Every structure is written in C-alpha cells, then in structure tokens.
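Below: one structure, written as structure tokens.
The numbers here are math on the coordinates, done by the rules we state, and not lab data. Keep in mind it's a predicted model, so treat the numbers as computed, not measured. Cβ: placed from backbone, ideal geometry, glycine included. Neighbour counts: every protein chain shown.
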Amino acid sequence: MARVILRLAPWISLLALAAAWELFARSGAVTPFMLPRLSVVLERIGADAASGELWQNLGMTLYRSLLGFLISVVLGVSLGFAVTQNRFARWLLDPLVSAGFPMPKIAFLPIITLWLGFHDLSKISMVVFDAVFPVVTATIAATGGVERHLLWSARNLGARPRELLREVVFPAALPQIMTGLQVALPIALIVCIVAEMKMGGIGLGGAMITASRFADSPGVFAGIVEIAVAGYGLVKLMALARRRLLAWHPEALAPATV
Amino acid sequence: MKYLPILLCALLWEAIVQFGLVSRDLLPSLSDVLSATWKLAREGDLWTNGAASLYRGGAGLALAIIVGAVLGILMAWWRAVDAFVGPLVEALYPMPKSALIPVTVLWLGFGDGSKILLIFLGCMLPVTLAAYNGARSCEQALVWSARSLGASRLRVLWDVVLPSALPELVNGVRTALALTFVLLVSSELIVARAGLGYLIGFLGEGGVYDAMFAVVLVVAFLGFFADRLYQRATRRVLAWRE
Amino acid sequence: MNKFIFDSGEGTVKQIVVDGVSHTYRPPRGREVLALEDVSLEIAPREFVALLGPSGCGKSTLLYLIGGFLPVEKGAIRIEGQPVAAPGPDRGIVFQHFALFPWKTVRANVRYGLEKMGLAREEQERRAQAQIEMVGLKGFEESYPSQLSGGMKQRAALARTLAVDPRMLLMDEPFGALDAQTRGLMQSELLAIWQRRPTTVLFVTHDVQEAVLLAQRVVVMSARPGRIKATVETRLDRSDPHIYRSPAFAEKVDEIWNLVRDEAIKSQ
C-alpha cells in the first residue's frame, strides 16, 4: 500500500499544490491581487487561448528561443570541434570561452539593442550569445575526451585519418554534447523571456511585463503557468530526443546477460 | 599568458574605433570606456549602485544557500519528503526563473525586496538539487561505519552526510552564484530604480554610451571575478576528491 | 602437429624486426619519461611471443610502436622488410578495455574493418557472421557493447580484429580486465583459435603463468626504462589439457618468475 502511494506521489503533490493554492487564495489571508485564485488564473489562460492571444505570444517566444537555440547549437558544436582540431582556434577561443562563461551575458542586452534594434534579430542574437557557451564547453570536453584506443582501433581497421572525425569522434562525443544542449535549452528560454520583458511587445515575456504594469495580477500568474508548462514540455522533449539518439548508451539499456 | 587573446582583442577594439572603421556612436573606443569608468567611480554612481546590487545579490543568495541546502539534505534523508517534494522540484526546475520577475514586482514593488525574493526563489533550486544529489551519493558503507562506531542518527547526518555532500553542494552554489548575477542584472534592467543593471539602462536611454559600455563591462567582469574567487576559496573543500 | 614446439629453422625470414628502438614520452606538462631503451627483437612468422614485465616497463609502448600508433624516433622497426609508417589492418590490435564502438552493435563493430576494405555488402555480412559465430557470440549480433559481459566484449573485439584477416595479432593485456574464471576460459579459446589458424601473435602481459601457458617464447623486460632482460623458450606440449599441473609448466613459471621478481620490486 505504501508503495502505491509513493508511486502516485508526484500527482498527489501536484494536486496538493493546486488545492493549496486555491484554498489559500480563497481564505482571505492574502488579497486577490497578491494571489489570485487558481481557478481565476486557469480561466484567464482559457480565455487567452480562445482569443488566440496565448498562441500568438507562445508562438513568438518559442520561435525566437528555439531559433536562437538551433543557431547556438550549430555554432557551438562547430566552434567546439574547431578548438580541438586546430591549434590557433584553441589559443584564441579557450580564454574567451572560459572567461565568458561565468559572465552575466544578459548585461550586454542594451548593447545588442543599440546595434541591432528592437526586433526579433536582437532577441535571437541575445539568445545565441548566451546559449552558445554551454554548447561549446560541452563539445570541447566531449571531443577532447575521446578514448585514444577507440581512435587507434578505427585506424587499425583501415580508417583514414580524415574519416575519424565523422566516424569515431562525433558518435563518441555525442552523449556529452547532448548534455550541453540540455543545459543550453532552458538558458535559451530564460534569456528570450528577459529580452522580451525589456523590449515589450508580443511574446510571453512582453505580455507578462505589460500585465504587471497594469497591475493585472491574473495575467501575471497566467504567464507564469504558461511559461512553466512550456519550459517543462521542452525539457521533456529534449530528454526524449536524447533517449532516441543515444539508444546504445548504457544508461538506456538493460543487460543482455547477467 | 593564457588570456593574451583577450588583450589582443582589446587592442583590436581600440584600433578599429580609432581608425574610424566603426562609428563612435555605435562603439565607443576602449579608452573612452575606461575614462568613463574612472569618471563614474569618481562621481560615486558606480559605488552607490554597486552597493545596492551587491546587497540584493548577497542577501538573496545567502538565503537560497541556507534554505536550499537544508531542504536538499532533508529530501535525501527522508524518503517521504523526497517522494512528495521531489517531483515539485523536478517540475519547477525547467521553468525560466526570470518569469518570476513580474510577480515579485507585483508583490514587493521596484525596490530591494523584489530582487532579493527573486534571487532567493531562483537560486534555491540548483542548491537544493546539488545538496540532494550530494547527500544521496554518500556511500551507505560510510554511514554504517559511523553508526557501528557509535554515532547517533543525527550525528551521522552532521559528521558523514554533510561532508560527503559538500563537493556537490559547492558546485551547486557555484551555479547559483552565476544565476544570482543573471537574475540580478535581468531584474535591474527591467524593473528597478537603483543598482548596476538600472544604471546601464539609465545611461543607455540617456545616450551616454561610453558610460553604458563601462558599466556593462564592470558587471561582466564582476561576474567573472566572483566565479574565480569562489573557485579559489573552495579549492580546499574539493581537494580530497579523487 | 600435436606438439607445438616452435622450430623456426635457419633462414626463416623474420616478420617483425625491432632494431635498437628507444622511446621517450613527452607529456605537455611534467618531465620526460624514457619508456624504452635500445630494444632489439625479432619475431618469425606464426610465432606466439609473450612480452612480459612489471607495470610501466614499456611493453605496451613497444606494442604501440610496432602497431604504428606511436612514431619511431630512435631506432627502426621493419614489418616484412618495410619500415612501419602508420596503423593498418595487417597488424590487428586487441586492447585491454576492448575499445568496441559503443554506438554500434556487435555486428556493426565486426563489419567496420570489412567496410573499410571496400568489400561488397553480402561479403561483409557473410564474413562478419562467420567471425561472430567463431568466437561464440551467435545470437548476440544485434546487442550493444554495454549489454555484454566483459568476456563477451573481448570476444567481440577479437572477432572484429580477426575479420580483416591480419597477418599478425598485437594483444595488449587483452584479458587483464576480466575476472579470473573468464580469463581462464578466454585463454583456452585463444589457444584453440590460434591452433586452428596459426598467426603471429605478440602478447603483452604482466602475468607469468599466462605468458608461459600461451606463448612459445617469453621475452622478459626490465623495469623502466624498458630493456630486454632475457628470452625464454617455453617448449611445452600445449595439447595436454592438464598442462597447468605438469612439472615442466611449474618449472618454467618458476624460472621466469625469478627473472621478473627483481624487476617487479624495482617498479614498486
């Protein structure tokens, strides 16, 4: 019996949280402004969905963050490979990447708006600037850490040196690169939302900041729920993609014999 | 000289502006930026805003570390807490913490309180997860050895589990430190009346670009140095790890 | 032939000639290490030779030089008269930790060398399947390496190397990562395979018993920097299933262990 309860625990806590929210909001301990009822928030989400506003904002945010994410993946993996294969690239990029990593790159947003304006381009650029770092770092670690016996075996079996990159290094590095991507995706979403909040306009971030300016409390909370669901969905999709691509990885497989 | 390329980039920057390759309106020269930094420091704007930011960041992070570490270890120690709180943590992890900016403003306005709350809520998650994983990874054999040597359950928590969790926790705090800077700057850029992020926006709107660039770089390097200092300070804790 | 006492005879062309080879490791950080010093060795076709020595004596290094994975800086190595230039399928290598491609199935791993040879697809499949069955992995063709036990992984690695029909086998402590029981089984299997299809084998190990059991000639190396200390012919009848208990075996092990003991102590 205890085991069944533990299995259902995630759902129980989610429901408990929802119930607690609703009851606490109804109790009068806080004003509807501070904490609107869950039912009111859900109603608002429904209304936005019906009017199309939700899809517009969500679509815009997803478009910007995912496009930025894809660009940073291509850019990051290429740069990462370049660093491990090319002496000059390593000399130039290594300090830039390691110095840039802990910097709050969002501070550069005003500079990017100065140069690129207030439209999608600057938002996407900001996303790329931020998300490329974990991808590069992961790629460098992954491709630099390929077991040399794997490379030697391939050469021993007749592979030519230029085939090694595609046939051995890349598949061997893929798990760690994927981990880097899984770190970069939430970053892309966060940065995109902050950029939208700063610049306003269409998008989940813009909608939320507008709501807060108009003291539209249900609107603000609706935005939080929407973003939370979007973020959760994207992370789950990434995990699914990882399982598919890395079907051969020990973490995914059960042993064939004892 | 590991950071030589950065120095060369700086020289390149100065060169391309001085030679007129890029308009001074878009890219102030490095020398302009440096003198603007000096001016801001001299006139005090840098310090007053810097102090405000530092206070908010420090308070929020400290709260996040204390509450997060305790929560994480409790979750690892008691399965019931883990089973119920764990899924919530997992569900909230992918949520962009910056989404909380409007709500903290709604509750606490444009001042320090909203920033501290934001940083507390945002940074608690990585700390909790790190404490949890660190405590979980404590080998059962270590716990049993301690118990057989006479330690009570509570003492084991303090003597064995906490030190085992420390390396992982240290890494989690490092992540939280970087996140603190991000959330601080983000919220100050959008909804503040003081602080370094606010200063950047203010200078930008006023068209004083050399000073704006100056503060951006100051903030960026603050984040960098904070991370390096943190690594230095925690080296001893991580030393015993293989 | 029942008795495997190797008789190279006069005038047999040596397949592997190592002439005055030295090798220094130069790590990017830290001091240089002289791994091998003036090593000379000759190996005839179809000989089974063991390279025996304590940890760090450079025996693996010598193997890697012959395999073409490390450049020969001092001295010369000739394979069938030609200097070693690069790795190639004529010198098949088997590593201690298997080095199977984890993202490929057993079948795909074994086919890899055959693909590189440019064979037709059906021929690749046929040869791969034959090899997989020969090492006893029938039924596991579609498994991934992470699903296999240590012994099975090593069989797969062996199948992969043998599939390209190398003229010699370079084995780098291939059974070192296996538990004692599996190791014993693999040793018998290796001997059986070698008996069916005699190839030159250069077998690196630190286990005296293993060396005496498998090899016709045991080359004993000194502690670092590695030099050849002695060469001992084992002269044992390997068709005897109870070879382990024979007095001849014990004597040989004793003789060689005495040669190795001092070196082992030096390398502690």
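Observations
- Whole-number D in µm²/s for chain C (Stokes-Einstein; Kirkwood sum over Cα pairs; 20 °C, 1.002 mPa s): 111
- Positive-end residue, chain B charge dipole about Cα centroid, Cβ charges, pick of B:LEU12, B:LEU125, B:SER98: B:LEU125
- Calculated [222 nm] ellipticity per residue, helices only, for chain A: -26500 deg cm²/dmol; basis is -39500 (n - 2.57) per DSSP H run with n ≥ 4, divided by all residues, nearest 500.
- Inter-chain Cβ neighbour average for residues A:81-88, partner chain, 10 Å: 0
- Its Cα gyration tensor gives segment A:5-143 an equivalent ellipsoid, and the semi-axes of that ellipsoid, as √(5λ) in whole Å with the largest first, are 42, 22, 15.
- Over segment C:21-92, the Kirkwood radius and the radius of gyration, each from Cα atoms, give a ratio Rg/Rh of 0.97.
- Kyte-Doolittle mean at least -1.0, axial Cα span of 24 Å or more - DSSP H helices of chain A: A:2-27, A:53-85, A:120-144, A:170-199, A:217-245
- Lysines whose Cα lies under 26 Å from that of C:LYS14, excluding same-chain neighbours fewer than 8 positions away: C:LYS3, C:LYS59, C:LYS74, C:LYS229, C:LYS252
- Shape analysis of chain A yields a ratio of the Cα radius of gyration to the Kirkwood radius, Rg/Rh, of 1.07.
- Prolate/oblate/rounded call for segment C:50-126, Cα gyration tensor, a/c under 1.5 rounded: oblate
- Taking A:LEU79, A:LEU35, A:LEU185 in turn, the Gaussian network model of chain A (Cα-Cα springs below 10 Å) assigns the largest fluctuation to A:LEU35.
- Stokes-Einstein diffusion for segment B:30-94 at 20 °C, viscosity 1.002 mPa s, with a Kirkwood radius from C-alpha pairs, works out to 140 µm²/s.
- Crossing angle, helix B:4-18 versus chain B [Cα axis fit, 0-90 degrees, rounded to tens]: 30
- Angle between chain B longest axis and helix B:209-238 axis [Cα atoms, degrees, rounded to 10]: 30
- Shown is the FRET efficiency for C:ARG29 and C:ALA86, computed with R0 = 41 Å from the Cβ-Cβ distance and rounded to the nearest 0.05: 0.90.
- Neighbour-count order for C:ARG160, A:ARG64, C:ARG196, fewest beta carbons within 10 angstrom listed first: C:ARG196, A:ARG64, C:ARG160
- Helix B:45-77 vs. chain B, principal-axis angle (Cα, 0 to 90°, nearest 10): 20
- Shape of chain B from the C-alpha gyration tensor: prolate (a/c of 1.5 or more and a/b above b/c, with a ≥ b ≥ c the square roots of its eigenvalues).
- Sequence-separation-based contact order of chain C, relative, with Cα cut under 8 Å and 6+ spacing, percent: 28
- Cβ charges +1 (Lys, Arg) and -1 (Asp, Glu), total dipole of chain C, debye: 520
- Here the sum of -39500 (n - 2.57) over DSSP H runs of 4 or more residues, divided by the residues of chain B, equals -26500 deg cm²/dmol at 222 nm, to the nearest 500.
- Percent RCO, i.e. relative contact order, over segment B:56-241, from Cα pairs under 8 Å lying at least 6 residues apart: 24
- Cα-based Rg / Dmax (Å) for segment C:148-268: 15.0, 40
- Cβ-defined net charge surrounding A:ASN57, 10 Å radius [Lys, Arg +1; Asp, Glu -1]: -4
- Dividing the summed helix terms, -39500 (n - 2.57) for each DSSP H run of n ≥ 4, by the number of residues in chain C produces a 222 nm estimate of -11000 deg cm²/dmol to the nearest 500.
- Cα-based Rg / Dmax (Å) for the protein assembly as shown: 32.7, 105
- For A:PHE170, A:PHE221, B:PHE19, order by how many other beta-carbon atoms lie within 10 Å, fewest first: B:PHE19, A:PHE170, A:PHE221
- Checking the Cα-Cα distances for A:LYS105/B:LYS39; A:LYS123/B:LYS97; A:LYS123/B:LYS115; A:LYS105/B:LYS115; C:LYS116/C:LYS138 against a 20 Å cut-off, the pairs over it are A:LYS105/B:LYS39; A:LYS123/B:LYS115; C:LYS116/C:LYS138.
- Here is what passes the span test in chain C: the DSSP H helices with alpha carbon length of 15 Å or more along the helix axis and a Kyte-Doolittle mean of -0.5 or above are C:106-117, C:150-163, C:180-196, C:247-266.
- Spatial separation of Cα centroids for segment A:59-76 and segment B:1-41, in angstrom: 30
- Calculated FRET value between B:ARG232 and B:LYS39, using beta carbons and R₀ = 25 Å, to 0.05: 0.20
- Relative contact order of segment B:1-140: 30 percent, from C-alpha pairs under 8 Å at least 6 residues apart in sequence.
- Exposure proxy ranking for C:LYS74, C:LYS104, B:LYS97, based on other Cβ atoms within 10 angstrom of each Cβ and starting from the fewest, stands as C:LYS74, C:LYS104, B:LYS97.
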